[in-house]
1. So the check is Cβ under 8 Å with 6+ separation or different chains; which pairs have a first residue in the stretch 95-117 that's of a type in the set (Asp, Glu) and a second one that's modelled with pLDDT under 90?
2. Being touching a residue at least 60 places away in the same chain (Cβ under 8 Å), part of a loop (DSSP other than H, G, I, E, B) and on the phi > 0 side of the Ramachandran plot is true for just one of Gly192, Gly151, Gly199. Which residue is that?
3. Would the stretch 139-149 turn up any residue that is among the charged types (D, E, K, R) and either within 16 Å of the ligand (Cβ to nearest atom) or buried (at least 23 other Cβ atoms within 10 Å of the Cβ) (or both)?
4. Quick check on my filter: what residues within the stretch 154-186 are in a loop (DSSP other than H, G, I, E, B), of a type outside the set (A, V, I, L, M, F, W, C) and more than 13 Å from the ligand (Cβ to nearest atom)?
5. Being in a helix (DSSP H, G or I) and either of a type outside the set (Lys, Arg) or in contact with a His (Cβ under 6 Å, 6 or more places away or on another chain) (or both) is the filter here, so list the residues in the stretch 137-148 that pass it.
6. How many of the residues making up the stretch 109-144 are of a type in the set (Asp, Glu) and either out of contact with any Ser or Thr (no Cβ under 8 Å at 6 or more places or on another chain) or within 17 Å of Ile92 (Cα to Cα) (or both)?
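The values are calculated or read from the model by the stated rules, or taken from the named source; none is laboratory data. Remember, it's a predicted structure, so these values are computed and weren't measured experimentally. Heads up, the Cβs are rebuilt from the backbone with ideal geometry, glycines too, and the neighbour counts pull from every protein chain shown.
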Amino acid sequence: MGKLVVCDHPLIQHKLTHIRDKNTNTKDFRDLVDEVATLMAYEITRDVPLQSIPVETPVTEAEGKVISGRMLGLIPVLRAGLGMVDGMLKLIPSAKVGHIGLFRHPDTLEPVEYYVNLPSDATERMLIVIDPMLATGGSACAAIETLKQRGCAQIKLMCLIAAPEGVAAVHQAHPDVDIYIAALDEKLDDHGYIVPGLGDAGDRMYGTK
Ligand code: URA
């Protein structure tokens, strides 16, 4: 079973409360999501492999640690996932970025893939799927499945807020995938919104409705 890591640092919880607030305007919402993404990047990269390299300090020759090689790929799910990419890139600027676009089929309500563009060396990287709201888990599971079908094996999922239903769905479909969130909320409502949540993440991020 994958891990569920709740990144509940006080700075993250503080910012998340303002993100949830319906009176937070679009610009502030975007800025806060960006800041939380940067703070979460610190936690999600905690186990990336290091390699030793020689380093000459002003005092002596020594060994230092650096992150080894081509390590990370960020895979935002369009469109709300885009809002967390720049914040992550501030800490991991050498990560490559791929994109997955999904829509919900009006008849079946199943997620349908309409756009996939991955780094050419995606199979060699640890990929972080970014989707701010883990509600039913349908799109997160589909995005992870898309990556696995293309041969990617090291995958993590990063969300701002999750419902227990979404966590259970991802854990069941993809027990090898660890999930990183800023908060685990109470439930889904009848329309599939997370309660208390923050409303529609994409609309709040881009000022649409
Ligand atoms: N997607 C959102 O943007 N918000 C929710 O509450 C659930 C899914």
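1. Glu110/Arg104
2. Details: Gly192 fails: touching a residue at least 60 places away in the same chain (Cβ under 8 Å); Gly151 fails: touching a residue at least 60 places away in the same chain (Cβ under 8 Å).
Gly199 is the lone residue from the list that is touching a residue at least 60 places away in the same chain (Cβ under 8 Å), part of a loop (DSSP other than H, G, I, E, B) and on the phi > 0 side of the Ramachandran plot.
3. Within the stretch 139-149, the subset among the charged types (D, E, K, R) is 145, 148.
Remaining after also requiring either within 16 Å of the ligand (Cβ to nearest atom) or buried (at least 23 other Cβ atoms within 10 Å of the Cβ) (or both): none.
There is no residue in the stretch 139-149 that is among the charged types (D, E, K, R) and either within 16 Å of the ligand (Cβ to nearest atom) or buried (at least 23 other Cβ atoms within 10 Å of the Cβ) (or both).
4. Listed by number, the residues that qualify are Gln154, His174, Pro175, Asp176.
5. Selection gives Gly138, Ser139, Ala140, Cys141, Ala142, Ala143, Ile144, Glu145, Thr146, Leu147.
6. Selection size over the stretch 109-144: 3.
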